[in-house]
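J.: Can you read through this structure? Questions will come right after.
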Amino acid sequence: MRIGVPTETALREARVALAPPSVARFTRAGIDVLVESAAGERAFFTNDAYSEAGAEIAPDAASVYANADVIVKVAAPSAEETESLRDGQILIAVLQPLTSHDLVRGLVGRGVTSFSLDAIPRIARAQPMDVLSSQASVAGYKAAVLAADTLGKHLPMMTTAAGTMPPARGLVLGAGVAGLQAIATGRRLGAIMSAFDVRPAVKEQVESLGATFIQDEELQRAQAETAGGYAREQTEEERDRSQALVRRHVGASDFVITTALVPGRPAPKLITREMVEDMQPGSVIVDLAAETGGNCELTLPGEVINYRGVIINGPVNVPSSMPVHASLMFSRNVQSFLDLLIKDGEAVIDMDDVILRDSLITQGGEIVHEATRDAMGAPAA
């Protein structure tokens, strides 16, 4: 059994799928690891660190794809990388199969056995493998730092000889992992934090971090959460009520961090142009949903714009901006997944295990993931 780690080729991707500590764990267990030269360089993991962990350094990506039984990546492979995969080879990465239909077709055509880390079920046993949560925690932290860096005010209250400056007020829309981390970081920096989420179950978590939970009792009585813990898409009436509630609080906030996502769908629009116009000049919006269309109507993915004095930041691939810790956390998630997959030095796909079954996307030239088949309109395998 040989695990291969190629260099990530996606734009702005600085992370690496396996960091040296995880590599060392596999090599001590007798599993070979082949790492492309400089694969960890942008995350500040040197070839020497991988060699010391017991990995073999490959001169290029072609050598990794040709000689590894299992390929582990952060981002989905490009079309060119997909062509480098071979029949029966195992691929593990964040594939986003519900929307990456060309990729799935390519994997089927190559006969690749693929697992998508973003399809792992959100159950207690799978928490050590949950890349969405680990990377969202990085993004939430960085979003609060970005807001603090951009805002023309300091976040904590300060009493000086020149007078007392009140604390900044921050609002987080979407209290999932990223939102909760943004709240916690904003609070540590001294801001007064509040949060809104359509899921009533997160109220206690928000308040435990010292933030105010904004709520509409009628909305909270509605079931707004899927079985997997994600927010479901709201009805038109619910969206109208939510927007009215959010608008009142957006206008009173110095900075707003948005994190709301619906899997497989464009990000819900929570902040309209009119809401931005209600904000004071110098206010800041950090939109963590920029890659899927943004929670703010005016967000431009990957850009920072000034709209009537309000700064709107639409960062993309935020975890990659903190590649050291993001890679270490991602690597531990992958390590836990491989511990489940590999038995006695061989990959064993136990279809009775819900984690392996639900994250398996393609196998034997077929799409075996039901939700992906449905999204693509493909026949059952």
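J.: With a point put 7 Å past each Cα toward its Cβ, work out how far VAL348 is from ARG125 in nm, to one decimal.
T.: It is 1.4 nm.
J.: Give the aspartates and glutamates whose C-alpha is closer than 14 Å to that of LYS142, dropping any in the same chain fewer than 8 places away, or say none.
T.: Cross-link targets: ASP287.
J.: Could you run the Karplus curve 6.51 cos²θ - 1.76 cosθ + 1.60 with θ = phi - 60° over region 44-61 and give me ³J(HN,Hα) per residue in whole Hz, x for Gly and Pro?
T.: Listing the rounded values in order: 6, 10, 7, 4, 4, 5, 5, 4, 5, 7, x, 7, 8, 8, 8, x, 7, 5 Hz.
J.: Rounded to the nearest Å, what's the spacing between the alpha carbon centres of region 325-351 and region 126-160? Just the number, please.
T.: Taking the Cα centre of each part, region 325-351 and region 126-160 sit 28 Å apart.
J.: Work out the FRET efficiency for GLU80 and ALA378 from their Cβ-Cβ distance, taking R0 = 30 Å, and round it to the nearest 0.05.
T.: After rounding to 0.05, the efficiency reads 0.80.
J.: A further question on this structure: Please give the contour-minus-distance gain from GLU204 to ASN47: 0.36 nm per residue of separation, less the Cα-Cα distance, rounded to one decimal in nm.
T.: Roughly 52.0 nm would be gained on extension.
J.: Can you compute the modelled spin-label distance between THR99 and ALA29, with each label point 7 Å from Cα toward Cβ, in nm?
T.: Once both label points are built, they end up 3.3 nm from each other.
J.: Using amide H atoms built 1.01 Å from N in the peptide plane, name the residues 5+ places from ASP32, or on other chains, whose amide H lies under 5 Å from its own.
T.: HN-HN under 5 Å from ASP32: ILE3.
J.: What list of ³J(HN,Hα) values in whole Hz, one per residue of region 68-73 in order, does the Karplus curve 6.51 cos²θ - 1.76 cosθ + 1.60 (θ = phi - 60°) give from phi, with Gly and Pro shown as x?
T.: Listing the rounded values in order: 9, 7, 10, 9, 10, 9 Hz.
J.: Related question: Please sort through the DSSP H helices of the chain and keep those with an alpha-carbon extent of at least 18 Å along the long axis and a Kyte-Doolittle average not below -0.5.
T.: Qualifying helices, which must be both long enough and hydrophobic enough, are 131-150, 323-341.
Any read-out appearing in this document is the output of simple, stated calculations on the displayed coordinates, not a laboratory observation. The model shown is predicted, which means the values in this text are computed figures rather than measured ones. Don't worry about glycine lacking a Cβ; one is built from the backbone with ideal geometry, like all the others, and counts go over all protein chains shown.
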